[in-house]
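A quick write-up on the structure given underneath.
The values are calculated or read from the model by the stated rules, or taken from the named source; none is laboratory data. The shown structure was predicted, so the numbers you read here are calculated from the model rather than taken from an experiment. Don't worry about glycine lacking a Cβ; one is built from the backbone with ideal geometry, like all the others, and counts go over all protein chains shown.
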Amino acid sequence: MTRTETPTDRMPEIPAGSLSEAQAAAAEAFRAERGVPVFGPFVPLLRSPELMLCASRMGLYLRYGSALPLRISEFAILIVARLWNQQVEWHIHHPIALKAGVAPETAQALAEGRRPGSMSADEALAYAFSTELQHNRAVSEATYAAVVDRFGEQGAIDLTGINGYYALLAMTMNVARTALPEGASTPLPPLVP
């Protein structure tokens, strides 16, 4: 593959007539729970219908039921998307994060692989926690204590869950080479590990 070629989506949408009985049932359950057809990371996950449904339900909790404000959840999702070079995840969550209150310049710094200088105190906590967890595979005592002090133990676990869940989705889409929707631009320059 040359530098200018786009990798082929390894696990594109399965045509309705080719779905197994379990996949069709999972796709219908997904539509009933979310009000939309299977999309994004759930397209490759549909190859394992029960895993897809479990992942979807976890995602619904982490996005809408966690102890964290939506702005902080979405900010953490952008961090994970950036760290995993995940274009689709960024494409989906960037507008949601901006609508939830993440400043455009903060999101832009993340997109460029920089530590944002314009973060709120809560964003700075989520940034420290998420980057420590993703890079070091652990969180320092000071960062942990600050997150628990601000968001409680449930908030610390929910922030851990957001990091793990969106890393799972990013890994899934990176393995599957999930394509951006038609007409979407590539918003993230690749980061070199």
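Kindly evaluate Arg31 against the criterion of being touching a helix residue (DSSP H, G or I) at 6+ places or on another chain (Cβ under 9 Å) and basic (Lys, Arg).
Working: touching a helix residue (DSSP H, G or I) at 6+ places or on another chain (Cβ under 9 Å): no; basic (Lys, Arg): yes.
So Arg31 does not fit the description; no.
For the condition surrounded by fewer than 23 Cβ atoms within 10 Å (Cβ to Cβ) and under 20 Å from Leu62 (Cα atoms), what is the one hit in Ala100, Ala81? Before you say what the answer is, go through the steps one by one.
Numbers: Ala81 fails: surrounded by fewer than 23 Cβ atoms within 10 Å (Cβ to Cβ).
Criteria check complete, one pass: Ala100.
Criterion first (under 30 Å from Pro189 (Cβ atoms), at pLDDT below 95 and assigned to a helix (DSSP H, G or I)) does Arg82 satisfy it? Don't jump to the end; show me each part of the working.
Values: under 30 Å from Pro189 (Cβ atoms): yes; at pLDDT below 95: no; assigned to a helix (DSSP H, G or I): yes.
In short, no.
Looking at the stretch 159-180 only, could you name the residues that are within 18 Å of Arg10 (Cβ to Cβ) and either of a type in the set (Phe, Trp, Tyr) or outside any helix (DSSP H, G or I) (or both)? If you could, list the steps in order and put the result at the bottom.
Taking the stretch 159-180 first, the residues within 18 Å of Arg10 (Cβ to Cβ) are 168-180.
Within the stretch 159-180, Arg177, Thr178, Ala179, Leu180 meet the criteria.
Among the numbered criteria (1) surrounded by fewer than 20 Cβ atoms within 10 Å (Cβ to Cβ); (2) at pLDDT 95 or above; (3) out of contact with any Lys or Arg (no Cβ under 9 Å at 6 or more places or on another chain); (4) closer than 25 Å to Val148 by Cβ, which single criterion is violated by Phe75?
All conditions are met except number (1).
Residues that are free of Cβ contacts under 8 Å to residues at least 24 places away in the same chain and of a type in the set (Asp, Glu): list the helices (runs of 4 or more DSSP H) wholly contained in the stretch 86-155 that include at least 1 such residues. Even if it seems obvious, please write down each step before you answer.
Numbers: elements: 87-100, 104-111, 121-136.
By residue number, 104-111, 121-136.
I'd like to verify a number: residues in the stretch 39-71 that are touching a residue at least 60 places away in the same chain (Cβ under 8 Å) and either small (Gly, Ala, Ser) or closer than 27 Å to Arg115 by Cα (or both), how many?
The number of residues fulfilling the criteria is 8.
Could you tell me how many of the residues in the stretch 169-193 are within 16 Å of Arg82 (Cβ to Cβ) and touching a residue at least 40 places away in the same chain (Cβ under 8 Å)?
12
Among Leu46, Leu19, Leu110, which is of a type outside the set (S, T, N, Q), modelled with pLDDT of 95 or more, under 30 Å from Asp149 (Cα atoms) and surrounded by 15 or more Cβ atoms within 10 Å (Cβ to Cβ)? Working first, answer last.
Values: Leu46 fails: under 30 Å from Asp149 (Cα atoms); Leu19 fails: under 30 Å from Asp149 (Cα atoms).
Among Leu46, Leu19, Leu110, only Leu110 is of a type outside the set (S, T, N, Q), modelled with pLDDT of 95 or more, under 30 Å from Asp149 (Cα atoms) and surrounded by 15 or more Cβ atoms within 10 Å (Cβ to Cβ).
I need a count of the residues in the stretch 12-52 that are hydroxyl-bearing (Ser, Thr, Tyr) and assigned to a helix (DSSP H, G or I). Before the answer, list the steps.
In the first step, residues of the stretch 12-52 are kept if they are hydroxyl-bearing (Ser, Thr, Tyr); the result is 18, 20, 48.
Remaining after also requiring assigned to a helix (DSSP H, G or I): 18.
Residues that pass the stated criteria total 1.
Table: residues versus (1) surrounded by 13 or more Cβ atoms within 10 Å (Cβ to Cβ); (2) closer than 30 Å to Pro12 by Cβ.
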residue	(1), (2)
His135	no, no
Ala138	no, no
Ile157	yes, no
Glu182	no, yes
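Here's the yes/no breakdown for (1) in the same structural domain as Leu169 (by TED's automatic domain parsing); (2) within 26 Å of Asn174 (Cα to Cα); (3) aliphatic (A, V, I, L, M); (4) within 17 Å of the chain's Cα centre (by Cα):
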position: His93; (1), (2), (3), (4): yes, yes, no, yes
position: Glu105; (1), (2), (3), (4): yes, no, no, no
position: Ala121; (1), (2), (3), (4): yes, no, yes, no
position: Tyr127; (1), (2), (3), (4): yes, yes, no, yes
position: Val139; (1), (2), (3), (4): yes, yes, yes, no
position: Ala145; (1), (2), (3), (4): yes, no, yes, no
